[in-house]
Amino acid sequence: MIKNYIKIAWRNLLKSKLYSFVNILGLTIGLTIGMLILLWVQDEMSFDTFHSKVNTIYRVNGVTGSGQGIKIWDNAQGPVATTALREIPGVRNAVRISHGWNSIYTYKDKLLKEENTGYTDPSFFVMFDFRLIKGSKTKPFPTDQSVIITESTAKRYFGDDEPVGKVIQQDHETNFTVSGVIADFPDNSSIKFDMLFPINIIARQYNASNFWKSLDTDWGNYGYSTFFDIKPGTSLQQVCDHLINAQKKVAPWIKVSPGNGYRLQPMSDIHFYQADGSSGSLQTVKTFLIVGIITLLIACINYVNLSTARAMLRAKEVSIRKIIGAQRRQLFAQFIIESVVFFCVSLFLAFGLLYILMPYYNDVSGKHLQLDMLNADLWKVVAVTFVGTLAISSIYPSLLLSSFEPLKALKGKLTMGIGQAAFRKILVTTQFVFSVTLIIVTVVIGKQLKFIREKDPGYDRSQVFSFRTGQLGEHLDAVKAKLKSVPGIRAVTSSDNKLVDNGRATGGVDWDGKPTDMMFIMHHFGIDENFMPVMNIKLKAGKNFSGSKADATHFILNETAIAMTGIKDPIGKRFKYQETEGTIIGVVKDFNAASFKQNIDPAVIYYQPYGYKLYIKTTGKDAAQAIAACKQLWDKYNSGFPFEYRFMDEEYDALYKTDQRSGVLFNIFSAVAIVISCLGLFGLATYTAQIMMKEIGIRKVLGASVGGIIALVSKDFLKLVVLAIVIASPIAWWAINKWLEEFVFRIDVGSSVFLISGAIAIGIAVLTISFQTIRAATANPVKSLRSE
Amino acid sequence: MIKITNLEKFYRTEEVETIALNKLSMEVKKGEFVAIMGPSGCGKSTLLNILGLLDDPDAGSYLFNDIEVADFNERKRADLRKHNIGFVFQSFNLIDELTVFENVELPLIYTGVAAADRVKKVEAVLDKMQIMHRRNHYPQQLSGGQQQRVAIARAVVNTPKIILADEPTGNLDSSNGNDVMELLTDLNEQGTTIIMVTHSEHDARYSHRIIRLLDGQTVVENIMI
């Protein structure tokens, strides 16, 4: 029986070529995109879940400041881990991780720069499930001069040689012996390093004469990603309370107010939520999941629409089968199997498409997804997609087809009832509601991304590149003077911090009238006197640094800082930055040191003529010459270290890389969803033209014009599209506002977006159906009437 | 074998009610060959459909092998139909996507006959209808006469007790039409009851008895000699 069903399904597929082509194409594209998106979502959802203790591991988020100035860090101080292990019963294990500096490492003739190194506790290898291939889990660092490297790092230095026991040199100074090899960190891990050093190296840098005597008592430096393995049933609140009490005892000057104690964030959440609870990648995951489901739904609707539209052509067969003795359920089974055949063909093609598209997709999405046929996770996605769409698509047409009354169908008296036609109209409208929503959202996302990319951040980053000074710093005045004379270099300045994406902040600020229990967190920059003119940062009041000795106690604040601190007539007022008492000499207009997703933070600018970062403004066309001159100087003072520079434009673009990526993906997905909708519309228009052939013929004989006929056939479709625009607009409005919430600086969404999107939708619909309507309208009426 | 009493059937639209069968009574015995004749719209096709359990009457009784089937539901009717009744139509009604062999095999599939038996039975009946050489062709590759022979083959492959034929020669030329009538006569002689609706006096002469209908009622019965 099944053989018979499959056979007839296959023959039907071959017989109605256009119908099959449209249907299979729609399904294939839908399944492909659906699976691509779901694979992406699955990969995102799998972040950090490979740790067997994922449910008991928490990250400790430190909190400073209060009220408006509250800052929640994704790390904590050094003593947090040791205190917890020593004093809090529920904390079974604790790990600290600190990022290392970018250094260069040499082995024999190899010289490589490592940007992703870390210092950590030995417990790292026990708490987490990163696979230690060689070395001891319990004693990973036999000495403080040990290092554990990943498999691919080992390959880079030692090729196929045994890495354990080999010695690499850091910055031409310090030797480290490889004591173990760890498997490369998985793509879906929030923790990723190439080299891991013992945290003791940091601990050794403390000495008794410092303010902070040791790493384990330094409550001032929030520099360690700290993870706890906590026994289930332990009160997390009590753990946090215990920590804050310990901190209060040792460092009472760190102001604690209700709400700014420590926070424990489950390991499984850290990829999705930032430390302060705002959404990390969760928003994107949700958006894409919805787009994926919509794409699949559109493909399903297509299938339902086309199969029900064609149902009349199958009526005779159904009748004969019924007369011969088929039960309804047998016919139902037959049509389900027919759908299965269609879906199987589409799935097969979708796999081919997936295989071809995967590299491009990875490129655009920044992932490393693989089409590994032995991977159970892949099949989970395939199964969910396949079964879900099949169930949605096949049940209604099968019910409809198997319900025909044999006699009527056979005599050609079968007319699709009003309900039938209405149902298909609802489907087409739904499809276009999805499409129009996607068009609107795509237009808005594009506009917003363009807006933030092009919005003036308050400084001029064009033609400026920067590099770290290294040993140049010791001859900075001479270097600056020399560079200024190089043709192609317009200006030279230095700073001790990044301007783009500045992450540094301090609570060590004071001014007259500051509430005693307030901890106020500010960004801080140290710059020379040329920095503001070069970057075109505008002064609102007061003056810039002059380069004189007096500048050591001069501060410039930004507008936000003035507003938030409430300092009246700031010029000349007292301001204390860390240990320096001084006065405010200027106020700068706000400039954005982070992405436009965030508010502009308060910032204090102090005078620092010897910042470690040199900024070179070039004339543009002679940039290459400027870079060459810098390299020459670099090589002179930093021999053995590679010269690396970066244009501020690149740094700036990197801020929005994830958004740009999501934007591109969204564009692609929307375009595909719209194409599938159009396939459905095309199929339906074809069918309608067929059904209306006689009517068109009669009308033409009676004198209807071609234009009139086109209008007649198109009218019904366009009505649906307009209805869809009306329904989609509020939905899209809600969705884009939700999305825009993420941005502090955002575009105004006017009615023009909706009008443009509506026009696009109508344009696409007209184009899609015009082929069929024009063909129907220009057909010879004699022919169409005869064939009736 | 078939006994109907006071059978009524109405067709309603919003405004008019048309009586198709008006208290019609008749009986067909096992092994009979009955022709039903009458002008267009007299109710002969309606009668045939009810007899074939494709349609249900609005009133009256229908005994099939002494079982009352007038009130059978769709599932029961389908069940009775597939084991007992074979259909032959004017327009053949073969499934275009299936080959000759597969078309004839279809009723056997629905009655659950094992695959090996199906092949035997289909081959036997195709042989009998002299279209064995066309077994792998599709309906549209055959002439009308051949198609009707396939349809008859499909109607008899399940060895039904009764064959209902709705103008079986209507779409055929006279030579092919005569062949079909010979086939039906052969089947009847082998014991199959046949009820045939026809417009053709010539075809009706192959039957034992002609029932003439007018306005849903029997007007006259001719016994053929």
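Summary table
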| quantity | calculated |
| --- | --- |
| A/B buried area, accessible surface, summed, 1.4 Å probe, Å² | 2300 |
| Violating pairs (Cα-Cα greater than 23 angstrom) within the set A:LYS613/A:LYS636; A:LYS484/A:LYS621; A:LYS447/A:LYS738; A:LYS110/A:LYS155; A:LYS447/A:LYS657; A:LYS3/B:LYS128 | A:LYS3/B:LYS128 |
| Whole-Hz couplings from phi, Karplus 6.51/-1.76/1.60, listed for region A:592-597; x for Gly and Pro | 9, 8, 9, 7, 6, 6 |
| Value at 222 nm in deg cm²/dmol, rounded to 500, when DSSP H runs of n ≥ 4 in chain B each add -39,500 (n - 2.57) | -10500 deg cm²/dmol |
| For A:VAL588, distant residues with modelled amide H under 5 Å away | A:LYS540, A:LEU557, A:ASN558, A:GLU559 |
| Using alpha-carbon coordinates, inclination of helix A:418-454 to the longest axis of chain A, degrees | 20 |
| Ranked order, A:TRP212, A:TRP379, A:TRP101 - accessible area, probe 1.4 Å, largest first | A:TRP101, A:TRP379, A:TRP212 |
| Gap separating the Cα centres of region A:367-382 and region A:126-140, nearest whole Å | 28 |
| Hits among aspartates and glutamates - C-alpha to C-alpha of B:LYS23 under 19 Å, sequence gap 8 or more where chains match | B:GLU8, B:ASP55, B:ASP56, B:ASP58, B:GLU68, B:ASP71, B:ASP215, B:GLU221 |
| Cα-centred dipole magnitude for region A:464-655, charges only on beta-carbon of K, R (+1) and D, E (-1), debye, nearest 20 | 480 |
| Order of exposure, largest accessible area first, which applies to A:LYS213, A:LYS573 with probe 1.4 Å | A:LYS213, A:LYS573 |
| Signed unit charges on C-beta, dipole axis of region B:172-225, positive-most listed residue B:GLY177, B:HIS208, B:ASN188 | B:HIS208 |
| Test item: B:90-100 mean partner chain Cβ contacts at 10 Å | 4 |
| Of B:ALA35, A:ASN210, A:ILE489, farthest towards positive along the dipole that unit charges on Lys, Arg, Asp, Glu beta carbons give the protein assembly as shown | B:ALA35 |
| Theoretical FRET efficiency, 1/(1+(r/R0)^6), r = Cβ-Cβ of A:GLU162 and A:VAL387, R0 60 Å, to 0.05 | 0.75 |
| Debye, to nearest 20: dipole size of chain A, +1 on Lys, Arg Cβ, -1 on Asp, Glu Cβ | 3840 |
| C-alpha long axis of helix B:74-84 to longest principal axis of chain B, angle in ° | 60 |
| Theoretical ellipticity at 222 nm over chain A - DSSP helices of four or more residues, -39500 (n - 2.57) apiece, nearest 500 | -16500 deg cm²/dmol |
| Carbon + sulfur, % of accessible area of the protein assembly as shown - ligands and nucleic acids excluded, 1.4 Å | 56 |
| Nearest-ten-degree value, helix A:328-365 long axis tilted from longest Cα axis of chain A | 30 |
| Accessible area (Å², 1.4 Å probe, nearest 10) - A:PHE520 | 0 |
| Modelled FRET efficiency - R0 30 Å, A:ASP241 with A:SER136, Cβ distances, 0.05 increments | 0.25 |
| Average accessible surface area per residue within the protein assembly as shown, 1.4 Å rolling probe, Å² | 44 |
| Long-range HN-HN contacts of B:GLN90 with modeled amide H, under 5 Å | B:ASP166 |
| Whole-Hz ³J(HN,Hα) from phi, Karplus 6.51 cos²θ - 1.76 cosθ + 1.60, for region A:728-734, glycine and proline x | 6, 4, x, 4, 5, 4, 4 |
| In Hz, Karplus ³J(HN,Hα) per residue of region A:255-261 (6.51, -1.76, 1.60; θ = phi - 60°; x = Gly, Pro) | 5, 10, 10, x, x, 10, x |
| Fully extended contour minus Cα-Cα distance, from A:GLU742 to A:LYS498, at 0.36 nm per residue | 85.5 nm |
| Solvent-accessible surface (1.4 angstrom probe) belonging to A:LYS255, in square angstrom, nearest 10 | 70 |
| Difference of contour (0.36 nm per residue) and Cα-Cα distance, A:ASP716 to A:ILE698 | 4.6 nm |
| Label-point separation, A:THR234 to A:ILE356 (7 Å along Cα→Cβ), nm | 5.5 |
| Label zone at A:THR516, where the point sits 7 Å out along the Cα-to-Cβ direction: region A:241-263 residues whose backbone N lies under 18 Å | A:252-258 |
| Residue-span extension gain [A:ALA251 to A:MET1] - 0.36 nm each, minus C-alpha spacing | 81.9 nm |
| Farthest toward positive dipole pole in region A:57-269 [+1 Lys/Arg, -1 Asp/Glu at C-beta], among A:PRO142, A:PRO232, A:LEU111 | A:PRO232 |
| Relative packing of A:430-440, A:746-756, A:445-455, A:181-191, which averages over residues the other C-beta atoms within 10 Å, highest first | A:430-440, A:181-191, A:445-455, A:746-756 |
| Reachable lysines, given that their alpha-carbon falls under 19 Å from the alpha-carbon of A:LYS231 and they are not under 8 places away in the same chain | A:LYS53 |
| Cross-link partners of A:LYS631 among aspartates and glutamates (Cα-Cα below 16 Å; sequence separation of 8 or more within a chain) | A:ASP622, A:GLU644 |
| A:HIS99 - accessible surface, heavy atoms, 1.4 Å probe, Å² rounded to 10 | 120 |
| Rough spin-label spacing in nm, given labels placed 7 Å along Cα→Cβ, for A:SER190 and A:TRP101 | 2.9 |
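The values are calculated or read from the model by the stated rules, or taken from the named source; none is laboratory data. Predicted, not measured: the structure shown is a model, and the values here were computed from it. Note that each Cβ is placed from the backbone with ideal geometry, even for glycine, and that neighbours are counted across all protein chains shown. Side chains are part of the model used for accessible areas, which takes the heavy atoms of the whole protein and leaves out ligands, DNA and RNA. Shrake-Rupley method; radii C 1.70, N 1.55, O 1.52, S 1.80 Å.
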